[in-house]
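Presented below is the structure to which this report refers.
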Amino acid sequence: MAPAGLTWTLPHAVAGTMVLSLNAYVLLGGADFGGGVWDLFARGRQRDAQRALIAEAIGPIWEANHVWLILVVVLLFTCFPKAFAHLATELHVPITIMLVGIVLRGSAFTFRTYDSKQDVVQKRWGRIFSIASLLTPIVLGVCLGAVASGGIPIRNADALRTLTFRERFIDPWAWSAFPWAVGLLTLILFAFLAASYLTVEARDETLREVFRRRAQQSQLALLILAAATLALARVENPLLFTGLTTGSTALAMHAITALAAITSLWALSNRHFQVARLSAAAQASFILWGWAWTQFPWLLPPDRTISSLAAPRITLQLTLGALAVGTFILLPSFVYLFRVFKSGETAFEQE
């Protein structure tokens, strides 16, 4: 989809930084949402042990992982204000639902941790935590799918006045199959990441086996749903389908993603859990970057490019400069956080 002869510019660098931040959020925050999915489906005699493992895995870091989503929003607001204003307006319904889901999920997780340990209280907060963990990734994917399909174009004032509330704010995302397919794909991807990570987090072999099977099952579901989403793109969004399936870069992305998926399945089958975790992260990353490359250079398909919606050059320069300085604070802090909370035995195992 990228025009021939396009050169890499300052707005493109900022957009690439946004995708990189979204990538970090998918790998870290996305896995936290996936943990909520498996919390809902915890069954059997080891149900409580499964939930305890999930809580131990995400408890120390889930708040910090939202830094990456905040960074995406701040970059969009600062460097592409017209795009931010347009998306925040046209998609205000699903974005509001997503924000409510994020708040409910975090609040329920905290209250479940510190509230009464009675079963009825734990079940109430756990149900809210799990449902919010399912809802939020789906809505996030729906928003991305609606934008990628070109369903949120910028219209002039005269065109907007002819639209009803439903036609403007509901129809572009609610009644098309493709955005919902992307939403389900996002949910399954997050669940797959969580299960793959939990095979490493678990020290108990029985728990590790539970999440190994779940990682395998969610990987197969992910592959089937990815194929279905691609088929829907061919029917509903021919331009997007062409970008996803033509060109050497797009084919290379598919090949690398397929290699990561095969490696993940092999590693899970042979119980090489560190390799499985790395392969899952690589697969998720290449899915995300494959979408970004397909949409490049459009920020709002089908006709608004990254450069046309960018803020003045001085704003972009100052923002990138601030990011460069902040990186020297943020990344070491994250490394230290993970070294403190992701080494040694979990508290559940020590009890």
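What to note about this one:
- Dividing the convex hull volume of the alpha-carbon atoms in the stretch 147-190 by its residue count gives 72 Å³ per residue.
- Per-residue SASA remark: Val100, around 80 Å² accessible (1.4 Å probe; ligands, DNA and RNA not included).
- Residues whose amide H falls under 5 Å from that of Arg304, counting only those 5 or more places apart or on a different chain, are Leu299, with hydrogens built in the peptide plane.
- If you sort the three axes of the alpha carbon gyration tensor as a ≥ b ≥ c, you get a/c of 1.5 or more for the stretch 298-346 and a/b no higher than b/c, which makes it oblate.
- The portion of the accessible surface of the chain made up by carbon and sulfur, rounded to a whole percent, is 68 (1.4 Å probe; DNA, RNA and ligands excluded).
- Ranking Ala159, Ala202, Ala221 by how far each Cα lies toward the positive end of the dipole of the chain (charges on Cβ) leaves Ala221 at the top.
- With θ taken as phi - 60° and the Karplus curve 6.51 cos²θ - 1.76 cosθ + 1.60 applied, the whole-hertz 3J(HN,Hα) list for the stretch 306-322 is 4, 5, 5, 9, 6, 6, x, 4, 5, 5, 5, 5, 5, 5, 5, x, 5 Hz, x standing for glycine and proline.
- Calculated FRET efficiency for the pair Ser116/Thr206, C-beta based, R₀ 22 Å, to 0.05: 0.20
- The calculated 222 nm mean residue ellipticity attributable to helices in the chain amounts to -26500 deg cm²/dmol, summing -39500 (n - 2.57) over DSSP H runs of n ≥ 4 and dividing by all residues.
- Each distinct pair of alpha carbons in the stretch 20-107 adds a 1/r term; the inverse of their mean, the Kirkwood radius, is 14.6 Å.
- Calculated Cα extents along the principal axes in Å (choose from (1) 76, 54, 35; (2) 83, 50, 43; (3) 63, 43, 42), label: (3)
- Rounded accessible area per residue of the chain, 1.4 Å, Å²: 49
- Our coupling estimate for the stretch 9-26, obtained by passing each phi through the Karplus curve with A = 6.51, B = -1.76, C = 1.60 and θ = phi - 60°, is 10, 4, x, 5, 5, 5, 4, x, 5, 4, 5, 4, 5, 5, 4, 4, 5, 4 Hz, Gly and Pro reported as x.
- Cross-link reach is defined here as a Cα-Cα straight distance under 13 Å, omitting same-chain residues fewer than 8 places apart; for Lys123 the aspartates and glutamates meeting it are Asp39, Asp48, Asp115.
The values are calculated or read from the model by the stated rules, or taken from the named source; none is laboratory data. Computed from a prediction, not measured in an experiment: that's the story for all the values here. A quick note on method: Cβ atoms are made from the backbone with ideal geometry, for glycine too, and the neighbour counts reach across all protein chains shown. All accessible areas refer to the heavy atoms of the entire protein, side chains included, with ligands and DNA or RNA removed. Shrake-Rupley method; radii C 1.70, N 1.55, O 1.52, S 1.80 Å.
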